[in-house]
1. When the residues of the stretch 312-325 are narrowed to those that are farther than 14 Å from Asp211 by Cβ and under 18 Å from the mean Cα position of the chain (by Cα), which ends up surrounded by the fewest Cβ atoms within 10 Å (Cβ to Cβ)?
2. Looking at the stretch 339-351, which of its residues are surrounded by fewer than 23 Cβ atoms within 10 Å (Cβ to Cβ), on the phi < 0 side of the Ramachandran plot and touching a residue at least 60 places away in the same chain (Cβ under 8 Å)?
3. Restricting attention to the stretch 398-436, and to residues there that are in a loop (DSSP other than H, G, I, E, B) and of a type in the set (Val, Ile, Thr), which single residue is surrounded by the most Cβ atoms within 10 Å (Cβ to Cβ)?
4. Residues in the stretch 110-120: is at least one in a helix (DSSP H, G or I) and open to solvent by less than 10 Å² (accessible area, probe 1.4 Å)?
5. Being over 24 Å from the mean Cα position of the chain (by Cα), of a type outside the set (Phe, Trp, Tyr) and over 19 Å from Tyr418 (Cα atoms) is the requirement here; does Asp62 meet it?
6. I need a count of the residues in the stretch 147-166 that are among the polar types (S, T, N, Q) and modelled with pLDDT under 95.
7. Scan the stretch 167-196 for residues that are open to solvent by less than 70 Å² (accessible area, probe 1.4 Å), part of a helix (DSSP H, G or I) and of a type in the set (A, V, I, L, M, F, W, C) and jot them down.
8. Return the residue satisfying two criteria in turn: it lies in the stretch 64-101 and is in a helix (DSSP H, G or I) and among the hydroxyl-bearing types (Ser, Thr, Tyr), and of such residues it is least open to solvent (accessible area, probe 1.4 Å).
Amino acid sequence: MASVPALRRAAVLARWTPAALFSSGIIPEGKPILVRDFVRSALYDPNHGYFSKRSGPVGVLDSSIRFHELDGRIAYMQYLDKLYKKHDIAWFTPVELFKPWYAYAIAASILRTANLSVPLKIYEIGGGSGTCAKCILDYMMLNAPPKVYNTMKYISVEISSSLAEKQLETVGEVRSHLSKFTVECRDATDRAGWGRKDPRPCWVLMLEVLDNLPHDLVYSPDQVSPWMEVWIEKVNGSSQGSEVYKPLQDPLISRCVEITGMNEENASLRDKLTFAAKGVVSKVFPKPRRAWLPTGCLKLLDTLHQALPSMSLIASDFSYLPDVSISGDRAPLVSSKKDGKTLDHRDYLEAQGDADIFFPTDFCLLEKVDHDCSGFSKERKNPSAFKPVKTRRTIILDSAAFMEEFGLPLKTRTKDGYNPLLDDFRNTKFYLSVPTHNKK
């Protein structure tokens, strides 16, 4: 993606964008909102959101790519370029580019580790066009014991009504799948939507979902000052938007700051000495700090652990994004596509429902959030005579390692041995998390 000029920083009040930001309805008139609410509205608002306004922000291939017929990397990139120009969409997901093999690997990992003595139940959060669901159902129909396929349930939880319709269309290409597949058009972070707690084992899939979850932003004017929440509001008497900084008070942000370890209150002696040294330097050379927090991920995992305490989780996403010019740790790319050309926006406030906002995933932080939401961190902080036992077993694999373990890498290899799935997706990882009591 194209690089963009560095984001201009402001010490106290950062004023950015234009009238359209407010006339679009992304930010309500006269009411400051947290950054996560802006991101959520820009992406998912029923009237203005990026994913709600269109059915095709991600592309759907008419047929699988025949990698064995391509000479090598140059031929693959040329073929990919033609696909993007033909479809004029934002991007193709890995599950689409490498169908059915990408989803087959996920299905194989589930089949290898699932407790098959109970009916298989799979939830997919943000199922896109339905390609993953169809391919997993295909794999189970072809490779699992008949009882597994005949009794399984696959539930897609999709916030976009247009994508929900597309998923039904895609899965419906195989008539027998329809009795096993349902779409629930709702927000997966809303606990009420899940109904009563279900203690039975199940699987939850989140493929390229974490990168589009709402995030919050915190700010500090120098190396030692306390972190502050970032809010967005209109500048008095104008149509411009501005960032306003307030002391930490939002429970979700405060909890995320604690999980990340950004608070210096519980630092070791060595860290405190380092902190003191920074304090001296900051008086001479103050350097503002900004950090993006995955509060949307925290809220989603909280909800999932409450509703599905015996779930097994598979998440896949980008661990790194190139050419990010927006400032702050774990900062996003804000990107739109038109006429086959990608435009990277100057700052996140330019997203007005016509641009994707996607974040890199810190997988080590994801593991901490997962453990915290499962209750382990809370148990560990309670003084007790017994040493707490983790309630989750987790592993982080890069995509190549996951595919070599569960997939068929030869199926995505070109004539000269080049493999785009293994060679070009080094910035993506898989996160697997299962309950410790989930024994096969």
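The values are calculated or read from the model by the stated rules, or taken from the named source; none is laboratory data. The structure displayed is predicted, hence computed values, not measured ones. Neighbour counts are summed over all protein chains in view; Cβ atoms, including those assigned to glycine, are modelled from backbone coordinates with ideal geometry. For accessibility, only protein heavy atoms count, side chains too; no ligands or nucleic acids. Shrake-Rupley method; radii C 1.70, N 1.55, O 1.52, S 1.80 Å.
1. Going through the qualifying residues, I end up with Ile314.
2. Matches in the stretch 339-351: Thr342, Leu343, Asp344, His345, Arg346, Asp347, Glu350.
3. Thr414
4. Within the stretch 110-120 (the criterion being in a helix (DSSP H, G or I) and open to solvent by less than 10 Å² (accessible area, probe 1.4 Å)), the answer is yes, since at least one residue qualifies.
5. Yes.
6. Here the count works out to 3.
7. Residues satisfying the conditions are Val171, Trp194.
8. Within the stretch 64-101, the match that is least open to solvent (accessible area, probe 1.4 Å) is Tyr76.
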